[in-house]
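The values are calculated or read from the model by the stated rules, or taken from the named source; none is laboratory data. Just so you know, these numbers come straight off a predicted model, no measurement behind them. Please note: Cβ atoms are built from the backbone with ideal geometry, for glycine as well, and neighbour counts cover all protein chains shown. Ligands, DNA and RNA are stripped out before the accessible areas are found, and what is left, the full protein with its side chains, is counted by its heavy atoms. Shrake-Rupley method; radii C 1.70, N 1.55, O 1.52, S 1.80 Å.
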Amino acid sequence: MFMRNSLICLSLLFVPVLHAEEKTPLLGKPVSKALVEKWNGDIFPDGEGLPAGKGTATYGKKVYQQYCLSCHGVDGTGDSADELAGAKHGLTDNPPDKTIGTYWPYATTIFDFTRRAMPLNNPDVLSNNQLYAVTAYLLYLNGIIGENDIMNAQTLPKVKMPNRDGFVNQYQ
Amino acid sequence: MTTENELKPVAEGGLLDRRLFLKKGLTFSAAVLSADVLAESSDIYRPESSKKAGDPFSNYGLPSEYERKTIRWTMGNSMADGNGVSWTPLQDLEGTITPNGLHFERHHNGVPDINPKEHQLLIHGLVDKSLMFEVDDLLRYPMTSLLCFIECGGNSNAAWRSEPIQTKLGYFHGMASCSEWTGVPLRLLLNEAKIKGRAKWLVAEGADASLMNVSLPLEKALDDCFIALYQNGERIRPENGYPLRLIVPGWEGVTNVKWLRRLHLTNRPVMARNETSKYTELMPSGKARQFSFEMEAKSLITNPSFGHKLDKQGLYQISGLAWSGRGKIKKVEVSADGGNTWAEAALQEPVLSKCFTRFRIPWQWNGQTVVLKSRAIDETAYVQPEREELIKQRGQHGYFHYNAIVSWKVDANGEISHVYA
């Protein structure tokens, strides 16, 4: 009996201690809004984070040929790197054909990913105008927008991707 | 001494009681020690290695020259050699810890060269104060250590194919490794920045040439995530995220962001390429599973496996690895008759949550053709599925999160092949 009581007391004593805020040296340095803006490249589906600038598929085709074609093939049909456009069939076929046009849920992801990672051999080379243009070209190749549609911070988030509702969140 | 009774099989195909190896006086037919021959000229026998002074000290040790074949198998893109993967040679390793030089790699655009004096970590977004941390600052924070596996969401993907791939185990299941990681609980840094009530997600970004980023639920970040600075006691290797790596225990490898430079607290996921186009699983319905973070229970017989050969009949030890992203492994069962009968394997202690667990069981091979399998059951009572079952649920085109039972066929010559059985 005595043992059991003392165990209960111990657990009552220890639980709050474990959950108390641990002491840390508090070494994080506050930084300015301007610095955060420079570091933060995240672009969200609603357009948050998209920079100024614009472009169309016509100019985007030139950007693509200069910077992307060597790895992604003519018209984005794939080569040493992923197929980006020109799907021959859909997602329920065997095998399925996953491209930006058939699979990607958000157009903003194309801009975001290309800006952070492409072209793979020189990821720091493209200007925001070139990025809007090559994004427009990839959307055009996939039959989602017209050749002369202007892509910018206002129009890109409004592009409705064919597979927008194709994902089921397993976490929630 | 072992009695007749104890050598009775516990399941078909020659599986013996897992406690048998604890008995003394048991000999393996595969490895019988030959008696040392006494040299005539001296009163004690000295092996060659003991007849002269050995090599001097070394600043950083390397494996024996006779073990240089235990390496990662690398697979880079033809146009960009830093894009691809390298695999842990699980078939050549024992125990549960992956040596640092053999930890698997997945790089999207190479291993960045980072001077820790110049590397910083920014926390911003839905916090009261945006804060910048230097690596030296983080070294002063209270730290925690965790032994856990990291497995790429794309590990084992070759097993979705219709024909079983004939290659060494590590070359298709080796995007999984296990280390002791040490670092600063993320909670401490987030609390310092003061999280705003609306925050629900966190976008983590690396400092590599693809600025790799993914979204994580804040709930998980506050639960058990930490920023690792050390791996198996030494500072993290460049290819594993030096100087800072986010550790997300039990969740798919891509969330364990290497070269961590930025944490952005938000109220929604960013929908990055690596959580939409990739690391999502297309189902037969045409819909895709997204944010399927947890790595479900898996087990593999590592020895014997493809590429090993049994030279002689007799007593062998079946040895393998099991792990679950949901917690501890509760039980591993082994079959030596293609899944008709199963016997429980011994688990090497300690059995840790979200960590590699070594299992072993003795097996008498009498030269017959058999199919060996293992299946893991975790503490949530999840049972590793047969391949057929997994395909029934998910189809064959999900690519990620393959965790079905693996089957090895041992033929009459002792050759081992990969089969779907």
Original post:
Scaled to the compact-protein estimate 2.2 N^0.38 Å, what is the alpha-carbon radius of gyration of the range A:48-165, rounded to two decimal places?
Top reply: 0.99
Original post:
With +1 on each Lys and Arg Cβ and -1 on each Asp and Glu Cβ, how big is the dipole of the protein assembly as shown about its Cα centre, in debye rounded to the nearest 20?
Top reply: 1100
Original post:
At what distance in angstrom do the alpha carbon centres of the range B:37-91 and the range B:317-371 lie from each other?
Top reply: 29
Original post:
Ignoring any ligand, DNA or RNA, what whole percent of the accessible area of chain A comes from carbon and sulfur when the probe is 1.4 angstrom?
Top reply: 57
Original post:
Between A:LYS61, A:LYS160, A:LYS29, which gets the highest mean-square fluctuation from a Gaussian network model of chain A, Cα cutoff 10 Å?
Top reply: A:LYS29
Subject >> Theoretical gain in end-to-end length, B:LYS129 to B:THR380 [0.36 nm per residue, Cα-Cα removed] >> reply: 86.4 nm
**OP:** Can you spot the lysines whose alpha carbon is less than 30 Å from A:LYS29's alpha carbon? Ignore those fewer than 8 places along the same chain.
**Re:** A:LYS38, B:LYS117, B:LYS129, B:LYS194, B:LYS196, B:LYS200, B:LYS220, B:LYS258
Original post:
Once both axes come from the Cα atoms, what is the angle between helix A:108-117 and the longest principal axis of chain A, in degrees from 0 to 90, rounded to 10?
Top reply: 80
Original post:
For peptide A:122-128, how many partner chain Cβ atoms fall within 10 Å of a residue's Cβ, on average?
Top reply: 1
Original post:
Can you list residues whose amide H is under 5 Å from B:PHE306's amide H, if they're 5+ apart or on another chain and H is modeled 1.01 Å from N?
Top reply: B:LEU169
Subject >> Accessible solvent surface per residue of the range A:53-157, calculated while the other protein chains remain in place, 1.4 angstrom probe, Å² >> reply: 43
Original post:
In whole percent, what relative contact order does the range A:20-172 give with Cα contacts below 8 Å and a gap of six or more residues?
Top reply: 32
**OP:** Determine the share of the range B:120-289's accessible area contributed by carbon and sulfur atoms, expressed in whole percent, with a 1.4 angstrom probe.
**Re:** 49
**OP:** Any lysines with Cα under 21 Å of the B:LYS8 Cα? List them, leaving off those in the same chain fewer than 8 positions away.
**Re:** B:LYS23, B:LYS24, B:LYS312, B:LYS373
**OP:** Please compute how much accessible surface disappears when A pairs with B, both sides summed, using a 1.4 Å probe, and round it to the nearest 100 Å².
**Re:** 4800
Subject >> Accessible carbon and sulfur surface of the range B:298-419 relative to its total accessible area, %, 1.4 Å >> reply: 45
Subject >> Residue with peak Gaussian network fluctuation, chain A [Cα springs, cutoff 10 Å], from A:PRO157, A:PRO123, A:PRO105 >> reply: A:PRO123
**OP:** Only helical DSSP H runs with n ≥ 4 go in: add -39500 (n - 2.57) per run for chain B, normalise by residue count and round the 222 nm mean residue ellipticity to 500 deg cm²/dmol.
**Re:** -1500 deg cm²/dmol
**OP:** Ignoring everything but the protein chains, give the 1.4 Å probe accessible area of B:THR70 in square angstrom, nearest 10.
**Re:** 40
Original post:
In terms of solvent-accessible area of protein heavy atoms at a 1.4 angstrom probe, what is the ranking of A:THR109, B:THR369, highest value first?
Top reply: B:THR369, A:THR109
Original post:
According to the square roots a ≥ b ≥ c of the eigenvalues of the Cα gyration tensor, what is the shape class of the range B:298-419, taking rounded for a/c under 1.5, prolate for a/b larger than b/c otherwise, and oblate for the remainder?
Top reply: oblate
Subject >> Nearest-20 debye value, the range B:311-419 charge dipole, Cβ charges on Lys, Arg, Asp, Glu >> reply: 360
Original post:
According to the square roots a ≥ b ≥ c of the eigenvalues of the Cα gyration tensor, what is the shape class of the protein assembly as shown, taking rounded for a/c under 1.5, prolate for a/b larger than b/c otherwise, and oblate for the remainder?
Top reply: prolate
Original post:
Which residue, chosen from A:GLN170, B:SER324, B:ASN267, occupies the Cα position most advanced towards the positive end of the dipole of the protein assembly as shown, where the dipole is computed from +1 (Lys, Arg) and -1 (Asp, Glu) charges on Cβ about the Cα centre?
Top reply: B:ASN267
Subject >> Helix A:128-141 axis, angle to chain A major axis (alpha carbon atoms, nearest 10°) >> reply: 70
Original post:
Using a simple spin-label model with points 7 Å from Cα along the Cα→Cβ vector, what separation in nm is obtained for B:GLU94 and B:GLN348?
Top reply: 0.8
Subject >> Degrees, to the nearest 10: A:57-67 long Cα axis against longest axis of chain A >> reply: 80
Original post:
Counting only the backbone N, which residues of the range B:252-291 are under 17 Å from the spot 7 Å out from the Cα of A:ASP93 toward its beta-carbon?
Top reply: B:283-287
Original post:
If you take the charge dipole of the protein assembly as shown about its Cα centre, with +1 on Lys and Arg Cβ and -1 on Asp and Glu Cβ, which of B:ASN256, B:LEU138, A:GLY78 is farthest toward its positive end?
Top reply: B:LEU138
Original post:
Summing -39500 (n - 2.57) over the DSSP H runs of n ≥ 4 in chain A and dividing by its residue number, what mean residue ellipticity at 222 nm do you reach, to the nearest 500 deg cm²/dmol?
Top reply: -11000 deg cm²/dmol
Original post:
To the nearest 10 Å², what's B:ASP43's accessible area with a 1.4 Å probe?
Top reply: 140
Subject >> Candidate residues B:ASP311, A:ASP97: accessible-area rank, largest first, probe 1.4 Å >> reply: B:ASP311, A:ASP97
Original post:
Gaussian network model of chain A, Cα springs within a sub-10 Å range: biggest mean-square fluctuation belongs to which of A:VAL134, A:VAL36, A:VAL63?
Top reply: A:VAL36
Original post:
Near the amide H of B:ALA288, under 5 Å away, which other amide H atoms are found, from residues 5 or more places off or on another chain, if H is placed in the peptide plane?
Top reply: A:PHE167, A:VAL168, B:MET283
Subject >> Probe 1.4 Å, protein heavy atoms only - accessible area per residue of the range B:46-92 in square angstrom >> reply: 83
Original post:
Any idea what the dipole of the range B:120-289 comes to, in debye rounded to 20, about its Cα centre with Lys/Arg Cβ at +1 and Asp/Glu Cβ at -1?
Top reply: 500
**OP:** Among B:ASN83, B:LEU282, B:TRP160, pick out the residue whose Cα is farthest towards the positive end of the charge dipole of chain B, where Lys and Arg carry +1 and Asp and Glu carry -1 on C-beta, about the Cα centre.
**Re:** B:LEU282
Original post:
Leaving out ligands, DNA and RNA but keeping every protein chain, what accessible area does B:ARG268 have, in Å² rounded to the nearest 10, with a 1.4 Å probe?
Top reply: 60
